[in-house]
Amino acid sequence: MMLAEDMRLWVDKDHLAWFVIDVIEGLDLAALRSLGRPGKGRPGYDPVMLAVLLVYAYLQRERSSRKIEQRCRTDAAFRVVTGNRVPDHSTICRFRGAAAGPGGPLEEVFTRVLFVMAAAGLGRLDVISVDGSKIWADASKQANRTEEGLRKLARKILDDAARADGEGCGCAGHEHGESAGLEAPGSCGCCDGGRLPGLGLDGPAVPRGGWGGASRARRIAAGLAELQAARLAREEQRRAAAAAALAAAAGGRARGAVLAEVAVEVAQLRLEQALAADAATDARWAAAGRRLPGRRREGQESSRVRKARGRLAAAVSARSEAARKSAQGAKSKQPQPVRNITDPDSRVMHCTLRGAVQAYNCQVPRTSDGVFLLPRATTDPNDAAQVTPALHAIARSQEIIAAGHAAGGHPAPRSRIGTVLFDPGYFSKDNCAAPGPDRLIAPGGTWKDTTPAHGPACDHHDPRDQMACHLSTRQGRDLYRRRAPLSEGGFAQLKDTIGLRQFTMRGLPKVNGELLLACLAANIGQYYRRTRTA
């Protein structure tokens, strides 16, 4: 009796819920609306309403589909967003998975909201800060397995299947586990061709439903296939490097450390070259009718030959010791590559606060006025290889923002990319010299600037020295001071305001979609605050 008869009177007219509805419903979202296909049974929920619900829920730091369903029953703003309907948690979860999956419409929604914000005057590109942060995967670190561990799991699954076949199966005495896509003399093909449904080793491709909807057998198979492919690639690289080392040693050009695989062969070549050099020297002095200078006499070994013999003996001894340890089954102290059987796309990464975590490396560009540009999640734990992809994402975002500024009648210089800021994790010679807009990357690692004092007219051949010169100027220092507030403040907003400390979906494509959804919600929240303070 105390509630208003009109549901629209339950919340103020300038409430965030109304703003999210106005922004998203005002967009042309053909791809999003295509998710609501008509079918048999009761009518489905409007995809636009579900998108508004997800964005508003993320802005309220509510990411659990069950808790969102509960808030739709008890929270007035949530009931306004849904039109007084209560979608169940399964509907919310399926819609989020469909929207965030490969080819989903979330990127279209993100870019159209970015256009609207640019038309309103936001999206200044004079300073852009890019940083990466580890966001936890929906998987446990304890679920990681090496290649041998995944082989054991595959054998166990196939052994269980063989026992379930009963007496009619002809697999008795065969190594069922070896038929899990592995070459073995005892393999048999009488149980589903040696493969279980969902355990066919057809590569680590993420299924359409994501790893969260895949069977455990399929996740094991994908992880095993990826580790096998990576191992074969490493072995091929080492064979190529060994062949190159042998060719260099045969040509007398070998320098530096030698691969263990060809250490004996290289040492033998160097010994032969030293013996040939001694023989040539003896022949030359003998032809001249003179005695060899120094202490060595004709037929004796030089110090170079003696050193070559010592290196050959050491290489043979090292190979014998390695073979002995391998025969005894000694475990290598080197860390082995692993894959996670819950989310095979996730990786073990180093986190400053938590140490080693199962996570994704999320690269997020942010403008000087706090607008998130197109983000990207990656499985690479290192930031050094992410500069060029980040610049490509910034260029794509710049095209959208430039069109929005032009539509809103704003000056064209707002749409020009100024300086892109990176932290020391991105510092490398290639990244400093990569084509693209101006950038500032703080020196990091073991590199040291050897220039005593930089001046305005400095022109260095090494791009790292030139980067240090730019950072030494007053303008460079003033620009770089803006990096931490933009990047660290952006991740604080995603992790604290939105609550994106751990992904709820599995697989790199869906993780990218959820990251887009979180940045979309953060952008709409920023747009709402700017319009209220204007």
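The values are calculated or read from the model by the stated rules, or taken from the named source; none is laboratory data. Keep in mind the model is a prediction, meaning the values are calculated, not measured. Ideal geometry is used to build each Cβ from the backbone, glycine not excepted, and the neighbour counts take in all protein chains shown. Surface areas here come from the heavy atoms of the whole protein model, side chains and all, with no ligands, DNA or RNA. Shrake-Rupley method; radii C 1.70, N 1.55, O 1.52, S 1.80 Å.
With R₀ set to 41 Å, the beta-carbon distance separating Arg290 from Ala247 gives a calculated FRET efficiency near 0.65. Rolling a 1.4 Å probe over the protein heavy atoms of segment 363-472, with every protein chain left in place, gives an accessible area that is 53 percent carbon and sulfur. Could you check how many percent of all C-alpha pairs in segment 341-406 are farther apart than 14 Å? Every Cα pair in segment 341-406 considered, those over 14 Å come to 66 percent. Starting from the Cα of Cys458, move 7 Å in the Cα-to-Cβ direction to define the label point; list residues of segment 399-442 whose amide nitrogen is under 14 Å from there. Of the residues in segment 399-442, 440-442 have backbone N under 14 Å from the label point off Cys458. Suppose R0 equals 41 Å. What FRET efficiency, 1/(1 + (r/R0)^6) with r the Cβ-Cβ distance, do Thr281 and Ala322 give to the nearest 0.05? Efficiency, rounded to the nearest 0.05: 0.70.
Give me the base-10 log of I(q)/I(0) for segment 228-290 at each q in 0.21 Å⁻¹, Debye formula, one uniform scatterer per Cα, rounded to two decimals. The calculated log intensity ratios at q = 0.21 Å⁻¹ are -0.82.
Please work out the Cα center distance from segment 120-157 to segment 471-534, rounded to the nearest Å. Going from one Cα centre to the other spans 18 Å.
In a Debye calculation with equal point scatterers on the alpha-carbon sites of segment 431-488 and no solvent, what is log10 I(q)/I(0) at q = 0.15, 0.26, 0.28, 0.30 Å⁻¹? Scattering profile of segment 431-488, log10 relative to I(0): -0.46, -1.25, -1.35, -1.41.
Rounded to whole Å, the principal axis extents of the Cα atoms in the chain read 120, 85, 36, largest first.
Dividing the summed -39500 (n - 2.57) terms of all DSSP H runs of n ≥ 4 by the residue count of the chain sets its mean residue ellipticity at 222 nm at -15500 deg cm²/dmol. Computed with a 1.4 Å probe over protein heavy atoms only, the accessible surface of segment 367-430 comes to 39 Å² per residue.
Report the percentage of all Cα-Cα pairs in segment 281-431 whose separation exceeds 18 Å, rounded to a whole percent.
The calculated P(r) of segment 281-431 puts 77 percent of pairs beyond 18 Å.
Rounded to the nearest 5, the antiparallel percentage of DSSP beta bridges internal to the chain is 70%.
The angle between the Cα long axis of helix 16-25 and the main principal axis of the chain comes to about 80°, on a 0 to 90 degree scale. Straight-line cross-link partners of Lys152 among the aspartates and glutamates, defined as a Cα under 18 Å from its Cα and at least 8 positions apart when in the same chain: Asp160, Glu175, Glu178, Glu183, Glu226. With angles folded into 0 to 90 degrees, how steeply does helix 106-119 sit against the dominant principal axis of the chain? Use alpha carbons for both and round to 10. In the chain, helix 106-119 runs at an angle near 70 degrees to the longest axis. Shape class of segment 355-461 from the Cα gyration tensor (axes a ≥ b ≥ c, square roots of the eigenvalues): oblate, since a/c reaches 1.5 or more and a/b does not exceed b/c. Whole-Hz Karplus values for segment 268-284 come out as 5, 4, 5, 5, 4, 5, 5, 5, 5, 5, 5, 4, 5, 5, 4, 5, 5 Hz, taken residue by residue from phi with 6.51 cos²θ - 1.76 cosθ + 1.60 and θ = phi - 60°; glycine and proline positions read x.
For the peptides 515-523, 26-34, 260-268, the ranking by packing is 515-523, 260-268, 26-34, with the highest mean count of neighbouring Cβ atoms within 10 Å listed first.
For the chain, what does the relative contact order come out to in percent, with C-alpha contacts under 8 Å and a separation of six or more?
Across the chain, relative contact order equals 24 percent.
Please report the spacing between the Cα centers of segment 215-280 and segment 367-432 in Å, no decimals. Measuring centre to centre over Cα atoms gives 40 Å.
Rounded to two decimals, the Cα radius of gyration of segment 397-534 over 2.2 N^0.38 Å is 1.31.
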